[in-house]
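One structure below.
The values are calculated or read from the model by the stated rules, or taken from the named source; none is laboratory data. Because the structure is a prediction, the values reported are computed rather than measured. Cβ placement follows ideal geometry from the backbone for every residue including glycine, while neighbour counts extend to all protein chains displayed.
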Amino acid sequence: MSNQPIIQLIDVVKSFGRQRVLDGINMNIPIGKTTVIAGASGQGKSVILKLILGLLSPDSGRILVEGRDIVTMRSKELNEVRTNFGVLFQGAALLDSLNVFDNVALPLEERTKLSQQEISDKVISTLEQFGLVGQEEKFPAQLSGGMKKRVGLARALMLHPKFMFFDEPTTGLDPEKSMEIYHLFYETQQRFGYTSIIVSHDIPKIFNLADQVVVLNQGKVESFNHPDEIQLSEVPQIKSFVKNTMGYLYRSSELE
Ligand SMILES: Nc1ncnc2c1ncn2[C@@H]1O[C@H](COP(=O)(O)OP(=O)(O)O)[C@@H](O)[C@H]1O
Ligand SMILES: [Mg+2]
(Lines give C-alpha, C1' and ligand atoms only; values in the text may rest on other atoms or scores of the structure.)
(Ligands and ions follow the chains in the order given, each with its own letter.)
Protein backbone atom coordinates (compact mmCIF):
# COMPACT_ATOMS: atom_id res chain seq x y z
CA MET A 1 0.00 0.00 0.00
CA SER A 2 1.60 3.21 -1.18
CA ASN A 3 1.19 6.31 0.95
CA GLN A 4 2.90 8.66 -1.43
CA PRO A 5 1.46 12.15 -0.88
CA ILE A 6 -0.17 13.66 -3.96
CA ILE A 7 -1.20 16.85 -2.15
CA GLN A 8 0.96 18.43 0.56
CA LEU A 9 0.29 21.43 2.77
CA ILE A 10 3.51 22.77 4.27
CA ASP A 11 3.45 25.33 7.12
CA VAL A 12 0.27 26.88 5.78
CA VAL A 13 -0.90 30.01 7.58
CA LYS A 14 -4.18 31.77 6.76
CA SER A 15 -5.74 34.70 8.60
CA PHE A 16 -8.81 36.81 7.95
CA GLY A 17 -8.21 40.20 9.52
CA ARG A 18 -6.99 39.48 13.03
CA GLN A 19 -8.38 35.96 13.08
CA ARG A 20 -5.70 33.36 12.39
CA VAL A 21 -7.72 30.42 11.08
CA LEU A 22 -4.83 28.16 10.07
CA ASP A 23 -1.73 28.45 12.21
CA GLY A 24 0.99 26.51 10.40
CA ILE A 25 -0.77 23.46 8.98
CA ASN A 26 1.15 20.44 7.70
CA MET A 27 -0.79 17.74 5.92
CA ASN A 28 -0.08 14.94 3.46
CA ILE A 29 -2.88 13.59 1.30
CA PRO A 30 -2.04 10.06 0.10
CA ILE A 31 -2.68 9.17 -3.54
CA GLY A 32 -5.78 7.12 -4.32
CA LYS A 33 -6.96 7.11 -0.71
CA THR A 34 -9.69 8.76 1.35
CA THR A 35 -8.72 11.46 3.82
CA VAL A 36 -11.31 12.87 6.17
CA ILE A 37 -10.79 16.40 7.50
CA ALA A 38 -12.92 16.66 10.63
CA GLY A 39 -13.39 19.45 13.13
CA ALA A 40 -16.01 21.58 14.78
CA SER A 41 -17.80 24.25 12.79
CA GLY A 42 -15.72 27.34 12.02
CA GLN A 43 -12.32 25.63 12.47
CA GLY A 44 -11.29 26.25 8.86
CA LYS A 45 -12.16 23.02 7.07
CA SER A 46 -13.71 24.73 4.05
CA VAL A 47 -10.82 27.20 4.01
CA ILE A 48 -8.43 24.25 3.57
CA LEU A 49 -10.43 22.98 0.57
CA LYS A 50 -10.53 26.47 -0.95
CA LEU A 51 -6.77 26.78 -0.53
CA ILE A 52 -6.19 23.47 -2.30
CA LEU A 53 -8.61 24.51 -5.06
CA GLY A 54 -6.66 27.75 -5.44
CA LEU A 55 -9.76 29.82 -4.61
CA LEU A 56 -7.93 31.38 -1.63
CA SER A 57 -4.23 32.09 -1.14
CA PRO A 58 -2.37 31.35 2.08
CA ASP A 59 -0.52 34.16 3.91
CA SER A 60 2.51 31.88 3.95
CA GLY A 61 3.37 28.27 3.34
CA ARG A 62 3.29 25.98 0.35
CA ILE A 63 0.56 23.88 -1.23
CA LEU A 64 1.91 21.18 -3.50
CA VAL A 65 -0.33 19.31 -5.93
CA GLU A 66 1.56 16.49 -7.61
CA GLY A 67 4.76 18.16 -6.42
CA ARG A 68 4.00 21.59 -7.88
CA ASP A 69 3.33 24.64 -5.72
CA ILE A 70 -0.04 26.07 -6.72
CA VAL A 71 0.46 29.19 -4.57
CA THR A 72 3.05 30.64 -6.93
CA MET A 73 1.46 29.30 -10.09
CA ARG A 74 0.24 31.53 -12.92
CA SER A 75 -3.50 31.43 -13.50
CA LYS A 76 -3.20 29.55 -16.79
CA GLU A 77 -1.26 26.76 -15.12
CA LEU A 78 -3.57 26.80 -12.10
CA ASN A 79 -6.57 26.39 -14.39
CA GLU A 80 -4.95 23.31 -15.89
CA VAL A 81 -4.38 21.83 -12.44
CA ARG A 82 -8.00 22.58 -11.59
CA THR A 83 -9.27 20.40 -14.42
CA ASN A 84 -8.16 17.46 -12.22
CA PHE A 85 -10.46 18.48 -9.37
CA GLY A 86 -14.05 17.39 -8.85
CA VAL A 87 -16.09 18.90 -6.06
CA LEU A 88 -19.31 18.07 -4.30
CA PHE A 89 -20.54 20.71 -1.92
CA GLN A 90 -23.40 20.62 0.59
CA GLY A 91 -26.27 21.43 -1.74
CA ALA A 92 -24.83 19.37 -4.63
CA ALA A 93 -25.10 22.64 -6.63
CA LEU A 94 -27.35 21.20 -9.33
CA LEU A 95 -28.80 23.60 -11.87
CA ASP A 96 -32.49 23.91 -11.02
CA SER A 97 -33.51 24.65 -14.60
CA LEU A 98 -31.96 21.43 -15.96
CA ASN A 99 -33.28 17.92 -15.47
CA VAL A 100 -31.12 15.08 -14.13
CA PHE A 101 -29.97 13.98 -17.57
CA ASP A 102 -28.89 17.49 -18.58
CA ASN A 103 -27.23 18.19 -15.23
CA VAL A 104 -25.08 15.08 -15.62
CA ALA A 105 -24.41 15.84 -19.30
CA LEU A 106 -23.35 19.43 -18.58
CA PRO A 107 -19.60 18.90 -17.96
CA LEU A 108 -19.36 16.90 -21.20
CA GLU A 109 -21.27 19.58 -23.12
CA GLU A 110 -19.09 22.35 -21.74
CA ARG A 111 -15.67 20.78 -21.59
CA THR A 112 -15.46 18.13 -24.32
CA LYS A 113 -16.03 17.89 -28.05
CA LEU A 114 -17.99 14.65 -27.86
CA SER A 115 -20.97 14.15 -30.19
CA GLN A 116 -24.51 14.22 -28.80
CA GLN A 117 -24.69 10.44 -29.22
CA GLU A 118 -21.44 9.90 -27.29
CA ILE A 119 -22.58 12.23 -24.53
CA SER A 120 -25.93 10.47 -24.32
CA ASP A 121 -24.27 7.03 -24.10
CA LYS A 122 -21.94 8.18 -21.33
CA VAL A 123 -24.71 9.83 -19.35
CA ILE A 124 -26.94 6.77 -19.59
CA SER A 125 -24.21 4.41 -18.39
CA THR A 126 -23.35 6.78 -15.53
CA LEU A 127 -26.99 7.05 -14.47
CA GLU A 128 -27.11 3.24 -14.40
CA GLN A 129 -24.00 3.08 -12.18
CA PHE A 130 -25.45 5.56 -9.71
CA GLY A 131 -28.92 4.06 -9.41
CA LEU A 132 -30.56 6.95 -11.23
CA VAL A 133 -32.33 5.14 -14.03
CA GLY A 134 -35.89 6.44 -14.31
CA GLN A 135 -34.93 9.81 -12.79
CA GLU A 136 -33.60 11.36 -16.04
CA GLU A 137 -36.52 13.70 -16.62
CA LYS A 138 -36.84 14.96 -13.07
CA PHE A 139 -35.74 18.41 -12.02
CA PRO A 140 -33.68 18.94 -8.85
CA ALA A 141 -36.72 20.27 -6.95
CA GLN A 142 -38.42 16.90 -7.49
CA LEU A 143 -35.54 14.87 -6.01
CA SER A 144 -34.92 13.74 -2.43
CA GLY A 145 -31.77 14.98 -0.67
CA GLY A 146 -30.01 11.64 -1.19
CA MET A 147 -30.88 11.58 -4.90
CA LYS A 148 -29.50 15.08 -5.34
CA LYS A 149 -26.18 13.97 -3.86
CA ARG A 150 -26.09 11.01 -6.22
CA VAL A 151 -26.68 13.25 -9.21
CA GLY A 152 -24.03 15.69 -7.93
CA LEU A 153 -21.53 12.87 -7.53
CA ALA A 154 -22.34 11.43 -10.96
CA ARG A 155 -21.89 14.85 -12.55
CA ALA A 156 -18.63 15.53 -10.69
CA LEU A 157 -17.19 12.24 -11.97
CA MET A 158 -18.07 12.73 -15.65
CA LEU A 159 -14.66 14.19 -16.47
CA HIS A 160 -12.78 11.55 -14.44
CA PRO A 161 -11.13 13.86 -11.90
CA LYS A 162 -7.95 12.70 -10.16
CA PHE A 163 -9.19 14.35 -6.99
CA MET A 164 -12.63 14.55 -5.43
CA PHE A 165 -13.41 17.02 -2.65
CA PHE A 166 -16.57 16.64 -0.58
CA ASP A 167 -17.53 19.51 1.73
CA GLU A 168 -20.01 18.32 4.39
CA PRO A 169 -21.73 16.19 1.75
CA THR A 170 -24.35 14.68 4.06
CA THR A 171 -25.62 17.90 5.60
CA GLY A 172 -29.41 17.83 5.60
CA LEU A 173 -29.64 14.03 5.35
CA ASP A 174 -30.86 11.79 8.15
CA PRO A 175 -28.29 9.35 9.66
CA GLU A 176 -29.47 6.42 7.57
CA LYS A 177 -29.28 8.35 4.29
CA SER A 178 -25.90 9.80 5.31
CA MET A 179 -24.60 6.28 5.87
CA GLU A 180 -25.89 5.27 2.44
CA ILE A 181 -24.18 8.22 0.76
CA TYR A 182 -20.86 7.59 2.53
CA HIS A 183 -21.13 3.97 1.50
CA LEU A 184 -21.64 5.11 -2.11
CA PHE A 185 -18.57 7.38 -1.84
CA TYR A 186 -16.54 4.46 -0.55
CA GLU A 187 -17.60 2.14 -3.37
CA THR A 188 -17.12 4.86 -5.98
CA GLN A 189 -13.67 5.71 -4.69
CA GLN A 190 -12.71 2.02 -4.80
CA ARG A 191 -14.02 1.76 -8.36
CA PHE A 192 -12.57 4.99 -9.81
CA GLY A 193 -9.41 5.13 -7.68
CA TYR A 194 -9.38 8.90 -7.27
CA THR A 195 -7.83 10.67 -4.30
CA SER A 196 -10.61 11.76 -1.99
CA ILE A 197 -10.93 14.42 0.71
CA ILE A 198 -14.13 14.46 2.75
CA VAL A 199 -14.78 17.37 5.10
CA SER A 200 -17.08 16.75 8.05
CA HIS A 201 -18.10 18.48 11.27
CA ASP A 202 -18.46 15.14 13.03
CA ILE A 203 -16.96 11.67 12.95
CA PRO A 204 -19.67 9.35 11.65
CA LYS A 205 -19.25 5.63 12.08
CA ILE A 206 -18.57 5.14 8.40
CA PHE A 207 -15.24 6.92 8.77
CA ASN A 208 -13.58 3.70 9.70
CA LEU A 209 -13.36 3.35 5.93
CA ALA A 210 -11.10 6.39 5.73
CA ASP A 211 -7.39 5.81 5.24
CA GLN A 212 -6.55 8.89 7.26
CA VAL A 213 -8.44 11.27 9.52
CA VAL A 214 -7.11 14.76 10.12
CA VAL A 215 -8.69 16.68 12.98
CA LEU A 216 -8.50 20.45 12.76
CA ASN A 217 -8.56 22.31 16.04
CA GLN A 218 -7.69 25.92 16.80
CA GLY A 219 -5.54 26.37 13.72
CA LYS A 220 -3.56 23.15 14.19
CA VAL A 221 -4.04 19.64 12.84
CA GLU A 222 -3.56 16.22 14.29
CA SER A 223 -3.43 13.31 11.82
CA PHE A 224 -4.48 9.74 12.50
CA ASN A 225 -3.85 6.77 10.26
CA HIS A 226 -6.90 5.04 11.59
CA PRO A 227 -10.10 6.55 12.97
CA ASP A 228 -9.83 4.31 16.04
CA GLU A 229 -6.65 6.16 17.00
CA ILE A 230 -8.48 9.48 17.34
CA GLN A 231 -9.62 8.29 20.73
CA LEU A 232 -6.00 8.26 21.84
CA SER A 233 -5.48 12.00 21.29
CA GLU A 234 -4.08 13.87 24.26
CA VAL A 235 -5.45 17.24 23.10
CA PRO A 236 -8.41 18.12 25.37
CA GLN A 237 -10.48 19.80 22.61
CA ILE A 238 -9.97 16.83 20.28
CA LYS A 239 -10.87 14.45 23.09
CA SER A 240 -14.16 16.25 23.65
CA PHE A 241 -14.86 16.64 19.92
CA VAL A 242 -14.39 12.90 19.49
CA LYS A 243 -16.46 12.07 22.56
CA ASN A 244 -19.33 14.21 21.28
CA THR A 245 -19.37 13.09 17.66
CA MET A 246 -18.04 9.55 17.35
CA GLY A 247 -20.31 6.56 17.62
CA TYR A 248 -19.67 2.87 17.05
CA LEU A 249 -17.22 2.46 14.15
CA TYR A 250 -18.04 0.08 11.35
CA ARG A 251 -15.44 -2.13 9.73
CA SER A 252 -15.40 -2.24 5.94
CA SER A 253 -16.17 -5.99 6.12
CA GLU A 254 -19.50 -5.20 7.80
CA LEU A 255 -20.59 -3.33 4.70
CA GLU A 256 -20.04 -6.12 2.23
N1 LIG B 1 -13.65 34.77 2.94
C2 LIG B 1 -13.63 34.91 4.28
N3 LIG B 1 -13.53 36.13 4.85
C4 LIG B 1 -13.49 36.26 6.19
N5 LIG B 1 -13.53 35.25 7.05
C6 LIG B 1 -13.63 34.01 6.55
C7 LIG B 1 -13.69 33.77 5.14
N8 LIG B 1 -13.78 32.44 4.93
C9 LIG B 1 -13.78 31.86 6.16
N10 LIG B 1 -13.69 32.80 7.13
C11 LIG B 1 -13.65 32.54 8.57
O12 LIG B 1 -12.72 31.50 8.81
C13 LIG B 1 -13.20 30.59 9.80
C14 LIG B 1 -13.21 29.19 9.26
O15 LIG B 1 -14.19 29.10 8.24
P16 LIG B 1 -14.57 27.73 7.50
O17 LIG B 1 -13.38 27.16 6.85
O18 LIG B 1 -15.71 28.05 6.63
O19 LIG B 1 -15.01 26.82 8.73
P20 LIG B 1 -15.55 25.30 8.68
O21 LIG B 1 -14.56 24.49 9.46
O22 LIG B 1 -16.88 25.34 9.39
O23 LIG B 1 -15.65 24.91 7.25
C24 LIG B 1 -14.57 31.11 10.22
O25 LIG B 1 -14.43 31.84 11.41
C26 LIG B 1 -14.98 31.99 9.07
O27 LIG B 1 -15.80 33.03 9.52
MG1 LIG C 1 -17.28 24.51 6.04
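Show the residue pairs that are 6+ apart or on different chains and have beta-carbon atoms under 7 Å apart, the first residue being within the range 35-50 and over 11 Å from residue 218 (Cβ atoms) and without any contact (Cβ under 8 Å) to a residue 40 or more places away in the chain, the second being assigned to a strand (DSSP E or B) and more than 6 Å from ligand 1 (Cβ to nearest atom).
The qualifying pairs are 47/14; 47/22.
With (1) within 21 Å of residue 144 (Cα to Cα); (2) hydrophobic (A, V, I, L, M, F, W, C); (3) within 16 Å of ligand 2 (Cβ to nearest atom) as the list, and residue 179 as the residue in question, which single condition is left unmet?
All conditions pass for residue 179, except number (3).
Could you say which residue among 49, 22 is of a type outside the set (Phe, Trp, Tyr) and closer than 30 Å to residue 104 by Cα?
On inspection, the qualifying residue turns out to be 49.
Say we look at the range 154-175 and pick out the residues that are away from ligand 1 (no atom under 16 Å from the Cβ) and part of a loop (DSSP other than H, G, I, E, B); which of these is farthest from the chain's Cα centre (by Cα)?
My answer is 174.
Would you tally the residues in the range 102-151 being outside any loop (DSSP other than H, G, I, E, B) and either without any contact (Cβ under 8 Å) to a residue 12 or more places away in the chain or within 24 Å of the chain's Cα centre (by Cα) (or both)?
Matching residues across the range 102-151 total 32.
Among the listed residues 59, 23, 69, 96, identify the single one that is more than 16 Å from ligand 2 (Cβ to nearest atom), surrounded by fewer than 18 Cβ atoms within 10 Å (Cβ to Cβ) and closer than 30 Å to residue 142 by Cα.
Within the list 59, 23, 69, 96, the selection yields 96.
Looking at the range 210-229, can you tell me whether even one residue there is part of a helix (DSSP H, G or I) and in contact with a Leu (Cβ under 9 Å, 6 or more places away or on another chain)?
Yes: the range 210-229 contains one or more residues that are part of a helix (DSSP H, G or I) and in contact with a Leu (Cβ under 9 Å, 6 or more places away or on another chain).
Scan the range 35-46 residue by residue and report those that are within 21 Å of residue 6 (Cβ to Cβ) and more than 8 Å from ligand 2 (Cβ to nearest atom).
35, 36, 37, 38 - these are the residues of the range 35-46 that are within 21 Å of residue 6 (Cβ to Cβ) and more than 8 Å from ligand 2 (Cβ to nearest atom).
To keep it simple, each residue is scored yes or no on (1) buried (at least 22 other Cβ atoms within 10 Å of the Cβ); (2) on the phi > 0 side of the Ramachandran plot.
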{"residue": "162", "(1), (2)": "no, no"}
{"residue": "171", "(1), (2)": "no, no"}
{"residue": "175", "(1), (2)": "no, no"}
{"residue": "186", "(1), (2)": "no, no"}
{"residue": "193", "(1), (2)": "no, yes"}
{"residue": "198", "(1), (2)": "yes, no"}
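When residue 79 is evaluated against the numbered criteria (1) modelled with pLDDT of 95 or more; (2) more than 17 Å from the chain's Cα centre (by Cα), which criterion, by number, is the only one it fails?
So residue 79 meets the others, but not (1).
Can you pull out the residues in the range 72-91 that are away from ligand 2 (no atom under 16 Å from the Cβ) and in a loop (DSSP other than H, G, I, E, B)?
Of everything in the range 72-91, those that are away from ligand 2 (no atom under 16 Å from the Cβ) and in a loop (DSSP other than H, G, I, E, B) turn out to be 72, 73, 74, 83, 84.
Looking only at the range 25-67, which residues are in a loop (DSSP other than H, G, I, E, B), among the aliphatic types (A, V, I, L, M), within 16 Å of ligand 1 (Cβ to nearest atom) and farther than 21 Å from residue 204 by Cα?
The answer is 53, 55, 56.
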